[in-house]
């Protein structure tokens with residue numbers, strides 16, 4: 001359960017907008033072919049929800065039938081949402097890269113928290129949530 005302080009970083013209306021209005025191309029940072037990792041399962045849920053999942057991982061592996069890229073900057077087409085599966089110490093850099101590539105939203109997964117990155121990203125005009133999982137939130141949409 002998220003702490004009371006984090007509730008404002010993941011309000012239901014923002015969650016709904018990112019999932020339903022921010023676009024269908026999701027770069028999943030930290031997604032590899034390792035089926036035991038949470039990113040792999042969540043990416044599958046996003047695909048079943050109609051999202052195009054773009055793996056971003058230093059190995060640049062093809063995952064779920066989508067070509068992977070080593071960095072966000074390497075993705076040669078627009079990305080709507082950047083879903084972040086890296087630890088909190090690295091997440092702020094990824095959020096800054098999402099702003100640089102023109103993403104519409106950033107999603108920090110469960111236990112990924114960087115309040116400063118949240119503030120920078122929101123100040124840049126992007127939607128953002130922290131410490132939530134889209135695979136948990138999608139069924140709540142109804």
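The values are calculated or read from the model by the stated rules, or taken from the named source; none is laboratory data. Only a predicted model underlies this, so the values are computations on that prediction, with no experimental measurement involved. When we count neighbours, we look across all protein chains shown, and the Cβ atoms used for this are built from the backbone with ideal geometry, even at glycine.
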- prompt: When you look at residue 64, is it at pLDDT 95 or above, surrounded by 19 or more Cβ atoms within 10 Å (Cβ to Cβ) and over 12 Å from the mean Cα position of the chain (by Cα), yes or no?
  reply: no
- prompt: Under 8 Å by Cβ, and 6 or more places apart or on different chains, what pairs join a residue from segment 45-66 that is on the phi > 0 side of the Ramachandran plot and in contact (Cβ under 8 Å) with a residue 12 or more places away in the chain with one that is crowded, with 17+ Cβ neighbours inside 10 Å and assigned to a loop (DSSP other than H, G, I, E, B)?
  reply: 60/68
message: Go through segment 78-104 and report how many residues are touching a helix residue (DSSP H, G or I) at 6+ places or on another chain (Cβ under 8 Å) and at positive phi.
response: 0
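Return the only residue of 28, 75, 113 being touching a residue at least 12 places away in the same chain (Cβ under 8 Å), closer than 23 Å to residue 138 by Cα and in contact with a strand residue (DSSP E or B) (Cβ under 7 Å, 6 or more places away or on another chain).
28
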In segment 99-110, residue nearest to the chain's Cα centre (by Cα) [restricted to those that are buried (at least 23 other Cβ atoms within 10 Å of the Cβ) and touching a residue at least 40 places away in the same chain (Cβ under 8 Å)]: 107
query: When only residues in segment 119-134 that are part of a helix (DSSP H, G or I) and crowded, with 20+ Cβ neighbours inside 10 Å count, which is nearest to the chain's Cα centre (by Cα)?
result: 134
